[in-house]
Amino acid sequence: MGHSERLGLNRIQVLQPMYSLVKRIAESEILPLAQAEGLGVISYSPLGGGLLTGKYLSAEGTAQGRLKTNPMYAVRYAQAIHHQTTERFCAYAAQVGLNPVTLAVAWVKAHPAITAPIIGARNLEQLEPSLAAGDYEMSAEQWQEISNLTPPVPVATDRDEERDQKT
């Protein structure tokens, strides 16, 4: 029996975690919990704060956006691995002939635990490729190909020493 049920409260129905190709930690505990408990998942930031659009990859670094103007986003996505993943991802998107925005949102949408990704845009030009993800059907194979562009997701334990003894 859950805490809400014991107290006679309404059950939690929906979770809203951050989830994108560059921020996959929700896969270690939150998404499996949601699937096991039948919870909806409305994830935010499928573009990794705009990083997965590829606009911050330019050599000049002149792109404007959250990563340049918001210190929280600058810190959140500062790790080199996030930028390396973005480079691999944008190259993959170009190879398959898709806008990286469409592909990034479709990748999030294709996870079986995700009910819907939250998208945002400042103008219609930014909105259109996100909306195109709604019509894009990603195969399980393609989802895995894209997933393989990132390092493995950490296991759902802080007891590395115990996990290491079992292997």
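Per-structure values
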quantity	calculated
Residue in the stretch 78-97 that is among the charged types (D, E, K, R) and under 19 Å from Gln144 (Cα atoms) present	yes
Complete set of residues in the stretch 89-131 that are in a loop (DSSP other than H, G, I, E, B), under 20 Å from Gln13 (Cα atoms) and in contact with a Ser or Thr (Cβ under 7 Å, 6 or more places away or on another chain)	Ile114, Ile118
Pairs where the first residue, in the stretch 34-48, is more than 26 Å from Gln126 (Cβ to Cβ) and in contact (Cβ under 8 Å) with a residue 24 or more places away in the chain and the second is outside any loop (DSSP other than H, G, I, E, B) and not hydroxyl-bearing (Ser, Thr, Tyr), C-beta under 6 Å, 6+ apart	Ala34/Leu15; Ala34/Val41; Leu39/Leu15
Conditions (1) under 25 Å from Gly134 (Cα atoms); (2) among the aliphatic types (A, V, I, L, M); (3) not in a helix (DSSP H, G or I); number of the one not met by Ile12	(1)
Residue among Leu67, Leu51 that alone is assigned to a helix (DSSP H, G or I), within 20 Å of His111 (Cβ to Cβ) and not polar (S, T, N, Q)	Leu51
Residues of the stretch 26-68 that turn out to be polar (S, T, N, Q) and either surrounded by 18 or more Cβ atoms within 10 Å (Cβ to Cβ) or under 17 Å from the mean Cα position of the chain (by Cα) (or both), as a count	5
Flag for Ala34 being at pLDDT 95 or above, outside any loop (DSSP other than H, G, I, E, B) and more than 20 Å from Ile118 (Cα to Cα)	no
All positions within the stretch 69-85 that are surrounded by 15 or more Cβ atoms within 10 Å (Cβ to Cβ), within 19 Å of Gly120 (Cα to Cα) and not aromatic (Phe, Trp, Tyr)	Arg76
Subset of the stretch 119-167 [at pLDDT below 90 and acidic (Asp, Glu)]	Asp158, Asp160, Glu161, Glu162, Asp164
Matching residues in the stretch 16-33 - criterion: being in contact with a strand residue (DSSP E or B) (Cβ under 7 Å, 6 or more places away or on another chain) and under 18 Å from Gly120 (Cα atoms)	Gln16, Pro17, Met18, Tyr19
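The values are calculated or read from the model by the stated rules, or taken from the named source; none is laboratory data. Since the structure is predicted, the reported quantities are computational estimates derived from the model, not experimental observations. Positions of Cβ are generated from backbone atoms using ideal geometry, with glycine treated the same way; all protein chains shown enter the neighbour counts.
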